[in-house]
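A short write-up of the structure that comes next.
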Amino acid sequence: QIVKIDGSSTVYPITEGIAEDFQKAKKNAVKVTVGISGTGGGFKKFCRGETDIQNASRPILAKEMEDCRAAGVEYIELPVAFDALTVVMNPRNTFLKSITVEELKKIWEPAAQGKITRWNQVNPAWPDAPIKLFGAGSDSGTFDYFTEAINGKAKSSRGDYTASEDDNVLVQGVSQDVNAIGYFGYAYYAENQSRLKALAVAEKAGKPAVLPSEASVLDGSYQPLSRPIFIYVSAKALARGEVREFADFYLKNAAKIAKEVKYVPLPAKAYSLAAEHLAKGKKGTVFGGKNEVGLKIEELLAREARM
Amino acid sequence: MTTSTITLPNNPPPLKAEAKALDFYYGAFKALKGISMPVYENRVTALIGPSGCGKSTFLRCFNRMHDLYPGHRYDGTIQLLPDAVNLLDHQVDPIEVRMRISMVFQKPNPFPKTIFENVAYGLRVRGERNRTYIEDKVEAALKGGALWEEVRDRLDESAVNLSGGQQQRLCIARALATDPEIILFDEPTSALDPIATGSIEELVTELKKKVTILIVTHNMQQAARVSDYVAYMYLGELIEYGATRDIFMKPLRKETEDYITGRFG
Amino acid sequence: MTTSTITLPNNPPPLKAEAKALDFYYGAFKALKGISMPVYENRVTALIGPSGCGKSTFLRCFNRMHDLYPGHRYDGTIQLLPDAVNLLDHQVDPIEVRMRISMVFQKPNPFPKTIFENVAYGLRVRGERNRTYIEDKVEAALKGGALWEEVRDRLDESAVNLSGGQQQRLCIARALATDPEIILFDEPTSALDPIATGSIEELVTELKKKVTILIVTHNMQQAARVSDYVAYMYLGELIEYGATRDIFMKPLRKETEDYITGRFG
Amino acid sequence: MTPSPKTTAPVAARRSTLNAEEMRALIRAAKRYDVLFATLGLLALAIGILTLAALFTGMALDGIPRLNSEFFTNFPSRRAGQAGILSAWVGSLLVMTVTALIAVPVGIAGAIYLEEYARKNWVTDVIEINITNLAGVPSIVYGLLALGLFVYTFGLGQSILSAGLTLALLILPIVIVTTREALRAIPQHIREAAYGCGASQWQVVSHHLVPYGMPGILTGVIIGMARAIGETAPIITIGALTFIAFLPPAPFMGDPPAGLFDWAFSGFTVMPIQIFNWTSRPDPAFHQNAAAASFVLVFMTVGMNALAIWLRYRLRKNIKW
Amino acid sequence: MSSTTAAPAPILGSTGEARLAELALAKARRKRRERAIEAVLLLAACVSVFTTVGIVYILLKESLAFFSHVSVWDFITDDQWTPLFEDAHFGIRVLLAGTLSSSGVALLIAIPLGTIIAIYLSEFAGHRTRETLKPILELLSGVPTIIYGYFALLFVTPMLQRLMPELPGFNVLSAGLVMGIMIIPYVSSLSEDAMRAVPMSLREGSYAMGATRLQTAVKVVVPAAFSGIASAYILGISRAVGETMILAVAAGMQPNLTLDPTEPAATITSFIVQVALGDLPHGSVGYQTIFAAGLTLMMLTLSFNMLGYWMRRKFREAY
Ligand SMILES: Nc1ncnc2c1ncn2[C@@H]1O[C@H](COP(=O)(O)OP(=O)(O)OP(=O)(O)O)[C@@H](O)[C@H]1O
Ligand SMILES: Nc1ncnc2c1ncn2[C@@H]1O[C@H](COP(=O)(O)OP(=O)(O)OP(=O)(O)O)[C@@H](O)[C@H]1O
Ligand SMILES: [Mg+2]
Ligand SMILES: [Mg+2]
Ligand SMILES: O=P([O-])([O-])[O-]
């Protein structure tokens, strides 16, 4: 009896924790494997029917929906936690207190490439010092989400920055350079608070700047950089007892584990709603095949409920 | 082209083999030129001549050693008697030729195996499985190679630890173990000290009672001591062939005489 | 231990070098045992003896070749005259010895360079920069090596494309180019054909007008043809030393006679 | 033989180039370069060896506190303190087994063909150029090949078998090249002796060449394996698992239908993947685990290399020509 | 022929006519067996060819799909590499520049140091020193490269930054340096093997002329071993061009069209792992880029290897 899981590296720490506890709870009668091949790579396998559960740091895309349909794979979409993309800077940086989405866009939009290279070009109040940029690799869910939330279009970004799939590498980069700014998942910031400083982000000029935290994500004020993350369970696999048990176990323990690995859990209501969907076997996605940014928890719940 | 001066004995012993108009080519280089010569049964025939004259090349035709290398070519025949097989014939399996004609090389070349396995090797290659038969044969061959007394108690030791002379006698025993019809020796003593050389020479004289022997040597004295017939070669040609005594005492050709009296070489 | 039988000439030419009570060890193996022997200036001294007797070992003491390998040890002295330096002395730099005493090896070993650079090598090593000087020296050395006529038009070709005999003469020219006091030859013709051998022998006879020569040879005829003095060695010992004519005509020691008459070897 | 009087006149004076003093000065100067170069050589060696030492001490300092027996017997965990490398080292071991089972016979057979059988023609030329080429192909490209071929076309999935096959192909050139060298080092007179006894070609190969070449062949195999065990990129491309808290089934012990080779089709993880995963975790406690695992991995490579050296030494002792 | 003619009475031992007839039979059997064995061996030798064919097939298949979207001209001439961005550019030159500069730095370290070490070990060091130091040095190439990546990032870069305060945290220089050290044993071991294969007689010839160690090594041994040393260099170059993890971790993955090693850069290989690790839907143009990049890489190493092959042919050792 094996439950096979693959997909996003972002969701991986939560799923891994669940898998570990689940195996313990079942006294190793059920085996669980978790792989990392990215949300895209994972969906490829999932839609071939090779895996039972898919970790996804974004909703399923139209192309992937089609693949799944072609192979006759149906799925149940379960949001499991929130990730707050965090904009970070070097702790020795004295001039940055907060930043607006506007300013972030000025820095990161494609037009900035090769032109916006000094801080005072973004905001005259800032010093005439070079900007050193660090960001998620262009092949990650984080990159897609950040570009869409800030620049308004997924995958549209300047290219002259240091990119890495390995966020520790980015942590390293930002912590070594006073003039650095970068972004990555909240967990990496949370574990490296001694070396990094999070930057408060204001959705619009004039709106209050908000620091990422469990509270600010839950109350919906950390916008637009908080995003839900998901697992997709194959409907066919759900027919197997161990997969259903695992999925139930997941929803029951997601809040605890998410907190442990420094993600923001969903409100309890969201988990019960998801459990209900699972029980009823509600298939499909509420996103219609595209990613969305700035989705508040209430909206997400509302949509889930409507399903 | 010079012709060969061949003096056949009056009362010839039975023929064991006979080369006829043998040419040999290393690729484009013609190393043997029209060699015709008898090899008498149970006699020692010595091949002499200056370095590079083709002695080894000729000898290695007898067990088709040249077949191992691409681009080498024979022309002419070597008949093996009494069945008159042309052992250079393409139809003839060189492995079969080598099973009938053994060879002992210039440098002793025992396999890095035990003494026993070295001697038994030819039998193993022939698919022999019978342990007592092999043991008997090995003992007989080692006795034939005058090595038995020295190694009887250490047949399981590695052959590479023997002295040079012992190694060479081991190689002779290895060649004997399969009852060959002819044994080819290519300067078998040139890597050995005088004492080992002496014992090998004795051995050759002893062996000819049972097998036909062809031996290449650089050493005139050795040729005189061990052989019954001598062939003097020069630049790939057979200059003179005859009984050893005749060749050394009254060579018919000036070239032979020059060589033997040490005018060069 | 046998003692050496040494017959000095009545009217000795000046001494060029002299070995005294020379022992040599390959690790624990004593390859030379108390050798004492003169080397006369502008004469050819031949070292003969069966394989493994220590001829090469002795020769290579003269240019401290053994220093290249760890664990080899000399005992005794070799004095180089007229300055009476003991060239085996630890204080004496082997490089200095080798600059004064050249060597020609058994197998021709030209460097994979042009003919010109091969001959110029010794000069370059000595830090010589003057191009015309080097050119003159190379030409003179090639003439001394009887190779100039054959290669004058292709000095820039690679030396490895020369024939064996030419290569060996090139090595001699290389050795000559630096005006050595002694040249050591270790079986210089054993890898060559009779014609090349002849020309090298002539060369040696020619060279002794200018330099002292020590030559190892396996070939009795060669020793008789080219040398003025002969040393017969056996099992690491010097058995007999004397003028060539004496050694070959009336050896004083039975061992020498046995060897020379070809009773073994 | 009267000893000649010691003269002070320099002998070299007769020589046209140098007198004794000049010569000594020259030798001293030339030897200075010897010393200089030897120092340079030692310095260059020191750079390499110090790097190695720095790497080692770094890993040891970070990693050794984690190296207790549980580290080897625990499965991965989200709690760094409890996480272990059991599935990783077992996985590495099994993948290496498959790699060896494939690369060794195929590599040796290929080398034998090229060295002993092949006629010199364009086919063998192509094979030869091709092998030198493959030795230079980046490992990540093998990963792409494996993904397309083994995982999908042959349907072997992300299994130990796929990974083992991939790494086998990766080290095949190493095994072939070293085996050929080992065979080439066997003197021709040994072959001639064997043929002279009437042996067939295959008999010569199997009775003599392979046994005598064994020290060299083994060295090549082990060096190849040491290379394979550290490979990360191709295994990532195939998609090794990251969390796997059980071991592949032992022969005949798996879920029915149980067979001898069920384990080969099991999912797996290997040491480099585990290290890679741990280094990319946010919690720095995992980085310590990564250092410890790296230490173990490097130790495995060192061990294999040491084994190669020892074997070469032991086996060579019995083979002389 | 021999097997069919009447077998002669053997001269020696217990063999008889029956034995010879047996031999004839055995010959036919042996021939068949030998053929079968040769066929099997040939097949094994061909595995490497199949591997290449497989690699080329996979790379070409996906690359063809790629080039149906992107013109070859753009691929070669564009000076931006942003295949995964909204505004996609596919200028392979950018990655080639990274590959070139990182390999350049690595080879500037590996080739001189490797050669010096080879000469030292082969001509200067004693037997014991050589036999201990060589395997220790070879361990350098046995360390998993990902470990080197972090070594470059966390150890070498900060050290360099003390010398060059302007140096960014990610740069080709430190990755290249570490890569160079990793490649040293590839260069030194192979070169040393080649030098040791030079027969002692050549060295003796040189020493006999009064040459010092260094003169002998540089003027005689190195030229004689040149073709072997050249293959060692070629292998080193291939390794440098194909190295992945060190660059992925320490060089910054920033597609910069520059040859300046103090800048961060992306290389062909680091781009491939980045995508292989990532999030891209298979079958998309972005995904196909890794095969086009892989093909470029393969052609690059192929041309180096061909060069090496040609050099070996041309300068084959002639001692
Ligand atoms: N494999 C080969 N390829 C090309 N030429 C060869 C080969 N082997 C020998 N030769 C040439 O063939 C001629 C005869 O060589 P062979 O070895 O038979 O001489 P030999 O009389 O045995 O000399 P030696 O006394 O030195 O052993 C020589 O000119 C030699 O250079
Ligand atoms: N490097 C070595 N290590 C140990 N023993 C050696 C070494 N070289 C030679 N010997 C031994 O020293 C003795 C003398 O050898 P040497 O080479 O001087 O003989 P030689 O008279 O020149 O013989 P040949 O005529 O075969 O060249 C021999 O017994 C030989 O086995
Ligand atoms: Mg011969
Ligand atoms: Mg000698
Ligand atoms: O692996 P990701 O899809 O979360 O980037």
To the nearest 10 square angstrom, what accessible area does E:Met306 show with a 1.4 Å probe? 90 Å²
Inverse of <1/r> over all distinct C-alpha pairs of the stretch B:172-265, i.e. the Kirkwood Rh in Å, gives 14.3 Å
May I ask you to give the percent of accessible area on the stretch D:41-86 that is carbon plus sulfur, with a probe radius of 1.4 Å? 71 percent
Just to be sure I understand the model, the point goes 7 Å from the Cα along the line to the Cβ. What's the resulting D:Phe299 to D:Leu247 distance in nm? 1.8 nm
Sequence neighbours fewer than 8 away in the same chain don't count; with that in mind, list the aspartates and glutamates whose C-alpha is under 13 Å from A:Lys4. A:Glu16, A:Glu50, A:Asp52, A:Glu242
If you take the accessible area of D alone, add that of E alone, and subtract the area of the pair, what total do you get in Å², probe 1.4 Å, to the nearest 100? 6200 Å²
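If you take all C-alpha pairs in chain E, what percent of them are over 34 Å apart?
Working: 22427 of 50721 pairs.
Counting every Cα pair in chain E, those more than 34 Å apart make up 44 percent.
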Please report, for the Cα atoms of the stretch C:43-90, the Rg to one decimal and the Dmax as a whole number; what are they, in angstrom? 12.1, 34
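Can you list which of the DSSP-assigned H helices in chain E have a Cα extent of 20 Å or more along the long axis and an average Kyte-Doolittle score of at least 0.0?
E:17-69, E:92-119, E:172-196, E:226-242, E:285-314
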Using the basic label-point model (7 angstrom from Cα toward the beta carbon), what is the C:Glu135 to B:Glu257 distance in nanometres? 5.3 nm
Just which residues of the stretch A:33-76 lose 50 Å² or more accessible area with every protein chain there, against their chain alone, with the probe set to 1.4 Å? A:Thr33, A:Ile36, A:Lys44, A:Lys45
Which distances in nm, rounded to one decimal and ordered from shortest, link the label point of B:Pro70 to the equivalent label points in the other identical copies, with labels set 7 Å from Cα toward Cβ? 4.4
If you rank E:His89, B:His218 by how much accessible surface each has, with a 1.4 Å probe, what is the order from largest down? B:His218, E:His89
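Considering every Cα-Cα pair within the stretch B:5-260, what fraction, in whole percent, is farther apart than 34 Å? Intermediate results must be reported in sequence, preceding the final value.
On the way: 5123 of 32640 pairs.
Across the stretch B:5-260, Cα pairs with separations above 34 Å total 16 percent.
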Can you grab the distance from the C-alpha centre of the stretch C:40-108 to the C-alpha centre of the stretch D:165-223, Å, no decimals? 42 Å
Would you mind giving the total buried accessible surface between chains E and B, with a 1.4 Å probe and ligands, DNA and RNA left out, rounded to the nearest 100 Å²? 1600 Å²
Averaging 1/r across every pair of distinct alpha carbons in the stretch D:74-147 and inverting yields a Kirkwood hydrodynamic radius, in angstrom, of 15.7 Å
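Roughly to the nearest percent, how much of the accessible area of the stretch C:5-260 is carbon and sulfur, given a 1.4 Å probe? Spell out each step's value before the answer.
On the way: 4690 of 9430 Å².
It is 50 percent, rounded to a whole number.
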Which three extents, in angstrom, do the Cα atoms of the protein assembly as shown have along their principal axes, listed largest first? 124, 86, 58
Give the total of Lys-Lys pairs in chain B with Cα-Cα distances below 23 Å; include a pair only if its members are 8 or more places apart or on different chains. 25
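What order do A:Glu245, B:Glu237 take when sorted by accessible area (1.4 Å probe), most exposed first?
On the way: A:Glu245 80, B:Glu237 25 Å².
Ranking A:Glu245, B:Glu237 by accessible area, largest first, yields A:Glu245, B:Glu237.
Can you give the FRET efficiency to the nearest 0.05 for C:Lys210 and E:Met200, using r as the Cβ-Cβ distance and R₀ = 41 Å? Display every interim value, and only then the final one.
Details: r = 30 Å, r/R0 = 0.72.
That pair, C:Lys210 with E:Met200, gives E of 0.90.
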Suppose R0 equals 60 Å; then what is the FRET efficiency for E:Thr132 and B:Asp23 from their Cβ-Cβ distance, rounded to the nearest 0.05? 0.60
Where the protein assembly as shown is the region considered: accessible area per residue in Å², 1.4 Å probe: 38 Å²
What distance in nm separates the two pseudo spin-label positions at A:Ala111 and A:Ala29, each 7 Å out from Cα along the beta-carbon direction? 6.3 nm
What one gets for chain A as the Kirkwood radius, inverse of mean 1/r over different Cα pairs in Å, is 19.9 Å
Suppose we take every Cα in the stretch A:194-278 and form the convex hull; what volume per residue is that in Å³? 122 Å³
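Could you state, as a whole-number percent, how many of the C-alpha pairs of the stretch D:69-318 are farther apart than 33 Å? Before the final figure, lay out the partial values.
Working: 8891 of 31125 pairs.
Roughly 29 percent, once rounded to a whole number.
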Check B:Val104: other-chain or 5+ apart residues with amide H under 5 Å from its amide H, H built from backbone geometry? B:Leu184, B:Phe185, B:Asp186
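Eight or more residues apart or on different chains, and alpha-carbon atoms under 23 Å: count the Lys pairs in the stretch A:119-231 matching that. Please list the in-between numbers first.
Details: A:Lys132/A:Lys153; A:Lys132/A:Lys155; A:Lys132/A:Lys197; A:Lys153/A:Lys204; A:Lys153/A:Lys207; A:Lys155/A:Lys204; A:Lys197/A:Lys207.
Qualifying lysine pairs in the stretch A:119-231: 7.
Work out the FRET efficiency for C:Ala84 and C:Gln221 from their Cβ-Cβ distance, taking R0 = 45 Å, and round it to the nearest 0.05. Walk me through the numbers before you get to the answer.
Working: r = 36 Å, r/R0 = 0.80.
The calculated FRET efficiency here is 0.80.
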Return the value, in Å² to the nearest 100, of accessible area buried between chains E and A (probe 1.4 Å, both sides summed). 2500 Å²
Using only Cα atoms, figure out Rg for the stretch C:83-235 and give it as a multiple of 2.2 N^0.38 Å. 1.05
Have a look at the stretch A:1-160 and give its Rg and Dmax from the Cα atoms, expressed in angstrom. 20.1, 63
Threshold 40 Å², probe 1.4 Å: give the residues of the stretch E:104-118, in number order, that are less accessible with all protein chains present than with their chain alone. E:Leu113, E:Ile116, E:Ile117
Dimensionless Rg/Rh of the stretch D:129-249 - Kirkwood Rh, Rg from C-alpha atoms: 1.13
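The values are calculated or read from the model by the stated rules, or taken from the named source; none is laboratory data. What you see is a predicted model, and the numbers here were worked out from it, not measured in a lab. Cβ coordinates were reconstructed from backbone atoms using ideal geometry, including for glycine residues, and neighbour counts include every protein chain displayed. Just the protein is used for accessible areas: all its heavy atoms, side chains included, with ligands, DNA and RNA removed. Shrake-Rupley method; radii C 1.70, N 1.55, O 1.52, S 1.80 Å.
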